[in-house]
Every structure is written in C-alpha cells, then in structure tokens.
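Data block below; observations after.
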Amino acid sequence: MPSRPHKLIPPTFSRTPSLDAETVELAVAIELPEGVEAIGLAVAPVVDEDADDVPSALGLDRAALKRAGFTGEVGQTLVIPAQDAPTYIAVGVGAPEKRTAAVLRDVSAAFARAAGAFASIGLDVSRSFDVDPASAGQVITEGALLARYRYTELKREAKHTPLAALHLVAGAEDIAATASGAHRGEVLARSANLARDLANTPPSHLTASDLGDVALAVGATHGLAVEVFDKDALIALGTGGLLGVNAGSVEEPRMIQLRYTPKDDSGAPIEATGHLALVGKGIMYDSGGISLKPSDPMHASMKMDMAGAGAVLAAMTALQELGCTSSVTAFLMCTDNMPSGSATMLGDVLTFRNGTTVEVKNTDAEGRLVLADALCLAAEEEPDAIVDIATLTGAALMALGTKTAAVHGNEQGIVDQALASSKATDEPLWQLPLERSYRKQLDSDVADISNMGGRFAGSTIAALFLADFVGDIPWAHLDIAGTMLVDADESWRPKGATGYGTRLLIDLAENFTAAR
Ligand code: BES
Ligand code: MN
Ligand code: ZN
C-alpha cells in the first residue's frame, strides 16, 4: 500500500527535542552560580506575624508581598521586577506539615512556569522540605522539566523560551544524592515529555507505521529489542480485532513489540526479578468508524487516542537507564479507526487471536477490540502480571474527571501495585469494580461476545470485555480517557497532552514484584 496516498504533508514526527537526551543542563551546588537568570526562593505563609522570615534577597518584606497578593501558599509565585539580573521570584511553599515530595514537585513546576521567560533558572527551596535529598532532586527536576514542556514542532516561530539550565541548591553533604535524584527526575520527565510529543502530534503526522519507526529508533538507543508487525504479519498472527478496526483505513496497522531485559554492566543478561507485560491502546485517530463521532472538541482530541501506547513506549525508554530488574514486554496496538467502504460494519463478527468471535455492535468501541488481541498475546507469554493502559471510555472521564484515571483488575495485588505507583508519581488513580454480574450485557446472539453493553458503568463493561482475554493472569487495566489531556496549564501539566501514566508505569516496573 502506498504511504499517505492522500497526504500532501510529510511526517513531521522525526526527532523532537524530547527524543534527544540531555538538552537541559542540571547542576547541584551549595549555592547558585553567577549567570543564573531567575532565582526562586522559598517563602512560607505567615505563622508568626513578628518573625521576618522572608529571604532578604527578594528585597521586599512580608507586608509588601501581601500587598502584591502573595501569601506563600503552594502554587503561588511572585516575580520581583528589578533593574539588574538576576530576577528573584518568591515561591510559595505552604505549611510545613504539608510539604511532601508531591508538593515539592508542584512548587518547582510553579516556579519554572513563573520563570518562563528565562532559560537558566535556579531554585533554592529543598532545605525548607523534609524530603530526602535524592527524592528532592528528582521531584524538583520533574516539576520544572514537565512544566516547561511545549509542543512546538509545527510552529514556524515558537514564542516560548526553552529551558536550558536548571540549578539546585543543596547542603554540602546532600549534593551527590540530590544530583543522582535530579538525573532520575530528568529520565522520568524526558520519558513523559516523549509521551506528550507523541500524543500532541496530529494524526497524519504520526501514523501507525510512523510510530513503528519511532519505536525502532528509540529502542535502539535505550536498550530495547523492538519488533514491528505489519499487516501481513498480523494476518499470520490472527489478530482479527486490530485488523477489523483497521479495515476502513488507507493506513496499515502495526503491532509494536518491545522487550526490555535486565543486564549487568558488561551487557550480559541477568536473572530478572519478575516478568511484567504492558499493553497500550494505539488508536492514532479515533473517528468512531461507521459509528462516526460528532465533530465536537472531544472528537478533535482523538489524535490522542494513542496516549496509552505512547505512555508504554515512553516508559520503556527509561528502564535501562534506571536499572529496572524485572523484564518487561510491551505490546502497542496501532491503527486509526476510520469509516469507509471497506470499514468493519455494525453486526460484523471478528475472530481474535485466541479464537474468540466478537460481534461489533458499535465501531466506536474499538479500543477493546485492539487490546484484546494484545492481551491474548501477552497471556501466551505467561508473565507474572499484565497491565494495560488505554484511553478507553468516556465513562471514565465522566466518573473521575481529568485528574484521576480509573483502574480495574482481576487480582488485587497488581491493582495495589498500580495504586502505590500512582501515589509515588502523583498521577492519581482510583479503583473501580470489575462487577462480574454485568458480564451478561456483553452476550451476543451470534458470536461469543459483543463489544457493547448497556448505558451504565461504561468503564466496568469495557474492563469486563478485556477480562475475558487475560485468563487467570493477574491483570490491571488503566482507563486514561479522562487524564490524557488538560485544557489549561495546571502545575506540572501544561495545556495539551499530559503524558499521564508514563511515570506511573516506570515506577510500577521498577518496583514490580510477582504475586505468585
Ligand atoms: N477513544 C474513545 C474514548 C474516549 C472518550 C477517550 C473521550 C478520551 C476522551 C473510545 O474509543 C470510545 O469511543 N469509547 C466509547 C465506547 C462506547 C461506544 C461503548 C465511549 O466511551 O463513548
Ligand atoms: Mn472509539
Ligand atoms: Zn478510542
């Protein structure tokens, strides 16, 4: 099939900044060096009216800050205009008892955004936090790098100032630990920003085959074995779900398999502490197919329907650098979902990888169709657990909003591991039930199962469909339809694709323990 027969534009997703390592200089020292353009200093809310605890370098006292509307709460910043460089910024750190690592990440994000006009910035706040130095270095770096992310690939003139250098202050005895934490933070933020780039890229600029090329490129530089399955290979594998969703498209589908195996310093494989399988929904664009979506803003965000696959791919790029000791196998199920004369019709029946026949009652419930084949393939490897991540249902968005994703699972141990990682990374996740008595809604008159249930509990119904394909392997399903995107800047999430789940999956892989 000719590539992009209907497109006049070349693919622009070639090498974006976040694919290139180390574009931001990170430095930790006992004080900030000359040349730092903007300096953030911690200011707490008033506890004692008489105590003058505002850093003198700000040149303002408590009353002046207050008149400018700055009280020291988390998220608040005040840029102090001055004739000469550097520019000082008051950074609210909130009440002492609330100063967790997650709050420090927020504080750093607020500062980095307030210092948005400056390329070289320095933050002196970690001594106000009772957070261990490695974690402090990590979350400050994450907060700043995530907050300063912008998708600029298609702008002829980008109006923002990219971050070039981030300087941190730490006590002499904490410098080494802070710096190693900062390095971790950089790997985590770089990965999440890759996921954002992938999701922000318009659909014609990042097709399923393009994503295969990206996976081959990043796999080669991040120690992953990558195999890309084209349409003929998928026919041979019998992935009728992925092929059925792809049937209406002029673009070929791709299944991308990535394997990470722990190795020692010499590059020799070492015995893994567990085997985790990850599955990502990679709908490059979801028009709904024959069950066409209305042309509303929700539809217009459907270039991000591959955010699950993007998060998995991005997470995989971090494992070698962070020394993950489990082996991880990933399956990305990639195609767009288009209406056309060749599209799958309502009432059609598809045969999946494990032989299950599925009646398609709604072509817009396509995510579960592509995921099911991957779950079969993942289960065939008999991993210790399977975790899938998908922009699967509007119901998850309706239930939990844009901040919190849903998790369903067939075994509490792996669900709990996902919830623990969610806490560690501040990517909120909430468990919803896998209510087995609803399964009969998926019964079909003509096939083994249908892809549509009733009107209620949409994310549970979708999860029940998926549960049929994992057998008895411990499995957790993350529905990120709500969290894939934010409409406005908010802490470390700039407007647009969030990269949600990338850091969570990295944390999960790093801390993974087999339940059995
Ligand atoms: N990709 C959508 C889900 C989605 C909705 C993601 C909003 C992000 C924001 C998914 O493929 C879909 O269309 N789901 C349908 C399923 C229904 C037809 C059973 C839905 O949720 O409406
Ligand atoms: Mn859909
Ligand atoms: Zn979809």
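The values are calculated or read from the model by the stated rules, or taken from the named source; none is laboratory data. These numbers were taken from a predicted model, which means no experiment stands behind them. All Cβ positions, glycine included, derive from the backbone under ideal geometry; neighbour counts span all protein chains shown. When the accessible area is computed, the model is the full protein with side chains, heavy atoms only, and any ligands, DNA or RNA have been set aside. Shrake-Rupley method; radii C 1.70, N 1.55, O 1.52, S 1.80 Å.
Every condition in (1) within 16 Å of ligand 3 (Cβ to nearest atom); (2) within 20 Å of residue 252 (Cβ to Cβ); (3) charged (D, E, K, R) holds for residue 353 except the one numbered (1).
Quick one: residue 211 ticks every box in (1) open to solvent by 30 Å² or more (accessible area, probe 1.4 Å); (2) in a helix (DSSP H, G or I); (3) within 21 Å of residue 371 (Cβ to Cβ) except a single one, so which number is it? It is condition (1) that residue 211 fails.
Does residue 276 satisfy the condition of being over 21 Å from residue 382 (Cα atoms), more than 16 Å from ligand 1 (Cβ to nearest atom), not aromatic (Phe, Trp, Tyr) and not in a loop (DSSP other than H, G, I, E, B)? When the stated conditions are applied, residue 276 does not pass them. Any residue that is farther than 20 Å from residue 306 by Cβ and more than 16 Å from ligand 1 (Cβ to nearest atom) - is there at least one of those in the range 390-399? Within the range 390-399, none of the residues are farther than 20 Å from residue 306 by Cβ and more than 16 Å from ligand 1 (Cβ to nearest atom). The number of residues in the range 71-96 being of a type in the set (D, E, K, R) and either surrounded by 20 or more Cβ atoms within 10 Å (Cβ to Cβ) or modelled with pLDDT of 95 or more (or both) comes to 1. Screening 32, 60 for residues that are part of a loop (DSSP other than H, G, I, E, B), among the hydrophobic types (A, V, I, L, M, F, W, C), assigned by TED's automatic domain parsing to the domain that holds residue 142 and within 16 Å of residue 141 (Cα to Cα) leaves exactly one candidate, 32. Listed by position, the strands (runs of 3 or more DSSP E) enclosed by the range 356-465 that each have at least 1 residues that are assigned by TED's automatic domain parsing to the domain that holds residue 288 and open to solvent by less than 10 Å² (accessible area, probe 1.4 Å) are 357-359, 385-390, 405-409.
Scanning the range 149-170 for residues that are open to solvent by 40 Å² or more (accessible area, probe 1.4 Å) and of a type outside the set (Ser, Thr, Tyr) returns 150, 153, 154, 155, 156, 157, 158, 159, 160, 162, 164.
Tally time: how many residues in the range 344-355 are assigned to a loop (DSSP other than H, G, I, E, B) and crowded, with 22+ Cβ neighbours inside 10 Å? Summing the residues that are assigned to a loop (DSSP other than H, G, I, E, B) and crowded, with 22+ Cβ neighbours inside 10 Å in the range 344-355 gives 2. Restricting 146, 123 to those that are under 20 Å from residue 428 (Cα atoms), open to solvent by less than 20 Å² (accessible area, probe 1.4 Å) and touching a residue at least 12 places away in the same chain (Cβ under 8 Å) reduces the list to 146. Among the residues of the range 268-316, those that are away from ligand 3 (no atom under 15 Å from the Cβ) and open to solvent by 10 Å² or more (accessible area, probe 1.4 Å) comprise 268, 269, 270, 271, 272, 273, 275, 295, 297.
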